[in-house]
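Report on the structure given below.
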Amino acid sequence: MTSLAAAKVPQLNARIFQPLARYLREQVSAEALHSVVAAGRLDVTALDGRSLWITLEQGEALLAEARTLFEDDGAFRVACAYKLAAGYGAMRLVLWATSPHTVYLQAMKTMNLVCNYGAIEVVSSTRTGMHARYRATAPESRLMCLSRQAATAALPTLFGLPPAYLREESCVSRGDPFCDYHLRWFDQKRWYPSALGLLVGAASFGALSAWTNGVDVGGVALPLLGASLGYIFENQRTGAANLAVREEVTEALRELAREETEARQELLELQERQRDWTRRLEVDSAERSAQMQRVADSLHQLQEQRDTRIRGYSHDLRNPLTVIRAGVDYFRPYGDAEGDAVLADLDAAVEQMRLLLEDLMKMVTQGSPMAQLAPQRLEVAPLTDRLRRRLRALVQGKDIRATVFKTREAPEHIDADPVLFDRVVDNLLTNAAKYTEHGSIVVEVDGTTEFFTLKVSDTGRGIPSEQIERAFSPEGSDRTQRANDSYGVGLSVVVELLGQVGGRLEVMSKPASGTTFWVHFPLTPPLRVSPKPAEAERPIENYKDVLLRVVTIRKTKAS
């Protein structure tokens, strides 16, 4: 694989991995570098700066192994652009006569020198900025995109300038048709305005000397004045350009800070909702404890009554037994003469004993009241904004695109218990964030004439078909399928809560593709109040019955 023209598979020039190799060698260890190049089926000499072509598959394997050595993507990007200027050697002396803008344009035109399956087009550019799009004919991983971004942003460091500010709007690794980059960098001071001023001053001095027949009209003052004016002009122009870049970068940092603040606020509100839910559970637990104590007291009284009745029965049972005994005693001396009468007495005594024992075996039933809800009117428009902030907070710092939007069919408001509503939504959103490593999470706010619907779709790991029913089990889902910080019972909580308000839940999932939940809240849920005495005797609904009533598992197209 020494010729780009002969390549029949996606290929990369190994030189693009030279900064990463230099970082591993100098900042980590030689062993780490050897393990990384071995993952790409290469040797260390392949990354010494030579023009060696490797397959895209080898490059992806190399980057995947290298990523395991870093805590986050930020550290990985730093390594991918480590001492980038050192790889250019004496060529930097030539580059200094140009500008970052020129270098960017030339690098994009010669993309075929480092990659045979991708190309970059310039959408627009200024002296200190550029809008570019990268397209690839072969699928790339997110790590390949990050390494390309790191090298692109580091180009201004060849001129002794800070790295460029790079804003990404789309990425081919996420399924977009192209990578969309917006670049801004600081400008460098140039020498030619001063040189031009010096030449103009010298020419003016020569012209004045000739006009005055050789009389000294300023000596070197005019050339120095021209050079000074050129220097001042270049300083002002460069300062204005750098100020504009600085303001743009500062505004971008402010926006990031605002997003970070909003995310932290949403997480604090999530914690507060969890505390509110915990307090409600504590109150509910206290009420149930009091109810259980009353039941225990009733059982104790019932037991005492039963003990009294049993003692009475024991005493009453002695009478028929005495009659039987007396009858037997009476029967013995008389033989068969009184047999019929004695047998009649014995039959009556046995019947009396049977009735007493039947009364002893009577049972009683009991029921338990249901918790009372407090529905409130929730406006859907601000609710959609809250869900958007909440989801963005949950995926903050992750390679996940969060989208929340409202359809025209969504109702203007719903009546729901806010604690129960938040509990259901928080479980679904946190599950989506936990089990999605990259891609997107989309929440669609919708509705019908009877229900308010939230559709939560993610591109996470998905749920195997044989595990879906177990995911709703109160005992918890399969431990091997859970996230590290999950107990696997969140969906069973969602089912129980929806069962209380007459809601429904639909799910469709495919491993390695993602999961979609449709949660339907009735627009006017029923109130749950303490039941009447007659209703208290009704049996409690089994969880399996609730599950069958609430949950519907949709089949994927593939199945």
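None of the figures in this text is laboratory data; all of them are computed from the coordinates on show. The model shown is predicted, which means the values in this text are computed figures rather than measured ones. Cβ coordinates were reconstructed from backbone atoms using ideal geometry, including for glycine residues, and neighbour counts include every protein chain displayed.
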The ³J(HN,Hα) series, computed from each phi in the range 62-72 with the Karplus coefficients 6.51, -1.76 and 1.60 at θ = phi - 60°, rounded to the nearest Hz and given as x for glycine or proline, is 4, 5, 4, 5, 5, 4, 5, 8, 10, 6, 8
Here the range 392-406 yields Karplus 3J(HN,Hα) values (6.51, -1.76, 1.60; θ = phi - 60°; whole Hz; Gly and Pro given as x) of 5, 5, 5, 9, 4, x, 10, 7, 9, 8, 9, 9, 10, 9, 10
Rounded to one decimal in nm, the spacing of the 7 Å Cα→Cβ label points at His413 and Glu466 is 5.1 nm
To the nearest 20 debye, the range 11-184 has a Cα-centred charge dipole, built from +1 on Lys and Arg Cβ and -1 on Asp and Glu Cβ, of 580 debye
Residues whose modelled amide H sits under 5 Å from the amide H of Ala402, counting only those 5 or more places away in sequence or on another chain, are Ile441
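For Ser35, Ser51, Ser141, what's the fewest-to-most ordering of other Cβ within 10 Å of each Cβ?
Least crowded to most crowded, the residues run Ser51, Ser35, Ser141.
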Assertion target for Thr436, Thr250, ordered by fewest C-beta neighbours within 10 angstrom first, is Thr250, Thr436
The residues Arg148, Arg127, sorted from fewest to most surrounding Cβ atoms within 10 Å, come out as Arg127, Arg148
For 453-466, 155-168, ranked highest to lowest by mean beta-carbon neighbours within 10 Å, the order is 453-466, 155-168
